[in-house]
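Report on the structure given below.
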Amino acid sequence: MASISASAAVAAKAAAFAHKNELAAAAAPAQQQKQQRRLSGRRARSGRVRAVATPARAPRAPSSTGSVRLLDPACCSRCDYRADADTDEMRLFVFVRFQVKSAMTMTEKILARASERASLEPGENVWVDVDVLMTHDVCGPGTIGIFKREFGEDAKVWDREKVVIIPDHYIFTSDERANRNVDILRDFCMEQNIKYFYDIKDLSNFKANPDYKGVCHVALAQEGHCRPGEVLLGTDSHTCNAGAFGQFATGIGNTDAGFVMGTGKALLKVPPTIRFVLDGEMPPYLLAKDLILQIIGEISVSGATYKSMEFVGSTVESLNMEERMTLCNMVIEAGGKNGVVPADQTTFNYLEGKTSVEYEPVYSDAQARFVSDYRFDVSKLEPVVAKPHSPDNRALARECKDVKIDRVYIGSCTGGKTEDFFAAAKVFLASGKKVKVPTFLVPATQKVWMDIYSIPVPGAGGKTCSQIFEEAGCDTPASPSCGACLGGPRDTYARMNEPMVCVSTTNRNFPGRMGHKEGQIYLASPFTAAASALTGYVTDPRDFLM
């Protein structure tokens, strides 16, 4: 027993020394320390559970991953230790108690690893190593300008294989300034020998550009740049789309991106996490777009401001990768810093053959602390829309059946993926009718465009989406890009140049978002968008799918 106690004493002294050094290294101004204590206390006190039609849930197995750090046994104030306990009891209690206190969420673990820290807490500011930096034709020129101004005209990016540049926003236009933006990207990529530049030169025929991909967020996934456990930053607010792969992904500004471009590092504040537990069997008339609109309507466009939104539950586990992307894509519309879905076999299967880079998934600890839990029984939800002019202006689709519309738009990073077009085709096929309003189809990427023309729709007797769309009277699928989601130059395909009412699978419905400032946009799933196209009114897809 004496030798055990002696060893324990040595370990305790080593732990105390390490802890003191750690405290010295992490010393912050008094005000910052007070703020962090307030955040930590608020986080511990506000673990509210909010339920929306809560189903019975199977018990969840605790995560097998985590980080454990030695703690000074003398630091009783941090571990709630009783001062009258004997030494051996104290050491055991501190070790067990600290394991609970150091439990982290997925986002905290990813940022801890990227900052080479054993553990992190919300509110801490840390320098993280960035795995991938993405920029596009709208923000790329500004980012490049800042990079050259701060690091020098002859400076080189920190890693030419970790900078991904994707023209996608204002591509198929005669606007000279928009075209010049792509030229700036091309010149920079040639100068820097950027490995992943998805260029387009022939605007008259996108298929003549084998390197061109389309919408950056979908292209990042399709080209294998999204990997579990990594940090991906992009100069676009919907970069959070990549959180579907179990990684930290968020949008940053041009100034931050210019700094990352030169150093490979970014200063980030660790966000607290809200957990959304989605359980129950997904009804055949719902899509992930309905789920995220339901959530945003529940918490508002500011309900997750600078927070991580973690999606778990049997429903989430049943979703394919593209549907998980839809969930994470719109966390920014709730104010979220990032969205994240735990990586599983579905994730690994999707990545197979897309990347040769090794990755290591992480998962939230069983004892991890969340700001709050929201629980949904998905089997009891109905199709929803977001009415003008905010993504949180939620309403049931059936409640809007008297809203007459002028057009339907199916596309964007949120609603222009292969599965989105398959969903729309399913509604058109079930109805056997033609659309009553102009219906615009804008595939997110060149691969999605090819899928529309080549992959038979299940249950359609061998017909492809393109054939079904043609029979329904839709517009011919357009060249892949962001299209009218962001409005763009006046000659952008399907841009709303007049005040119209549009049902759209995009992500924002603020005034002027798709063009005219008096336009009215109803955000909806591809199911609801297709159903609405068939009637000329906002329509519940159950009218055709049940």
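The values are calculated or read from the model by the stated rules, or taken from the named source; none is laboratory data. Everything numeric here is computed off the predicted structure, so don't read it as measured data. Ideal geometry is used to build each Cβ from the backbone, glycine not excepted, and the neighbour counts take in all protein chains shown. The protein model used for the area step is the full one, side chains on, heavy atoms only, and it has no ligands, DNA or RNA in it. Shrake-Rupley method; radii C 1.70, N 1.55, O 1.52, S 1.80 Å.
Among the numbered conditions (1) open to solvent by less than 10 Å² (accessible area, probe 1.4 Å); (2) within 18 Å of TRP127 (Cα to Cα); (3) of a type in the set (A, V, I, L, M); (4) in a strand (DSSP E or B), the only one that VAL260 does not meet is (4). Go through the residues of segment 444-456 one by one and say whether even a single one is assigned to a strand (DSSP E or B) and at pLDDT 95 or above. Taking every residue of segment 444-456 in turn, at least one turns out to be assigned to a strand (DSSP E or B) and at pLDDT 95 or above.
So how many residues does segment 289-317 have that are among the aromatic types (Phe, Trp, Tyr) and open to solvent by 10 Å² or more (accessible area, probe 1.4 Å)?
Total meeting the criteria: 1.
Is one or more of the residues making up segment 452-471 more than 29 Å from TYR198 (Cβ to Cβ), touching a strand residue (DSSP E or B) at 6+ places or on another chain (Cβ under 6 Å) and aliphatic (A, V, I, L, M)? Looking for residues that are more than 29 Å from TYR198 (Cβ to Cβ), touching a strand residue (DSSP E or B) at 6+ places or on another chain (Cβ under 6 Å) and aliphatic (A, V, I, L, M), one finds none in segment 452-471, hence no. Out of GLU317, GLU298, one residue alone is among the acidic types (Asp, Glu), assigned to a helix (DSSP H, G or I) and touching a Lys or Arg at 6+ places or on another chain (Cβ under 9 Å). It is GLU298.
Just to be sure I understand the filter: pairs with C-beta atoms under 8 Å, separated by 6 or more residues or on different chains, first member in segment 240-254 and at positive phi, second member crowded, with 24+ Cβ neighbours inside 10 Å and part of a helix (DSSP H, G or I). Which pairs pass? Qualifying pairs under 8 Å: GLY246/MET106.
Out of segment 450-469, which residues are under 26 Å from HIS169 (Cα atoms) and open to solvent by 40 Å² or more (accessible area, probe 1.4 Å)? Correct list: MET450, TYR453, SER454.
Condition check ((1) open to solvent by less than 10 Å² (accessible area, probe 1.4 Å); (2) in contact (Cβ under 8 Å) with a residue 24 or more places away in the chain) across all residues:
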residue: THR505; (1), (2): yes, yes
residue: ARG513; (1), (2): no, yes
residue: LYS517; (1), (2): no, no
residue: ALA524; (1), (2): yes, yes
residue: THR535; (1), (2): no, yes
residue: VAL538; (1), (2): yes, yes
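The one condition from (1) on the phi < 0 side of the Ramachandran plot; (2) open to solvent by less than 10 Å² (accessible area, probe 1.4 Å); (3) touching a Ser or Thr at 6+ places or on another chain (Cβ under 7 Å) that VAL164 does not meet is (3).
Of the residues making up segment 348-359, at least one is closer than 27 Å to GLU124 by Cβ and touching a residue at least 60 places away in the same chain (Cβ under 8 Å). All conditions in (1) buried (at least 24 other Cβ atoms within 10 Å of the Cβ); (2) in contact with a strand residue (DSSP E or B) (Cβ under 7 Å, 6 or more places away or on another chain) hold for SER237, with the sole exception of (1). Return yes or no: is PRO477 within 17 Å of ALA425 (Cα to Cα), part of a loop (DSSP other than H, G, I, E, B) and not assigned by the TED database to the domain that holds LYS289? Judged against the criteria, PRO477 is a match.
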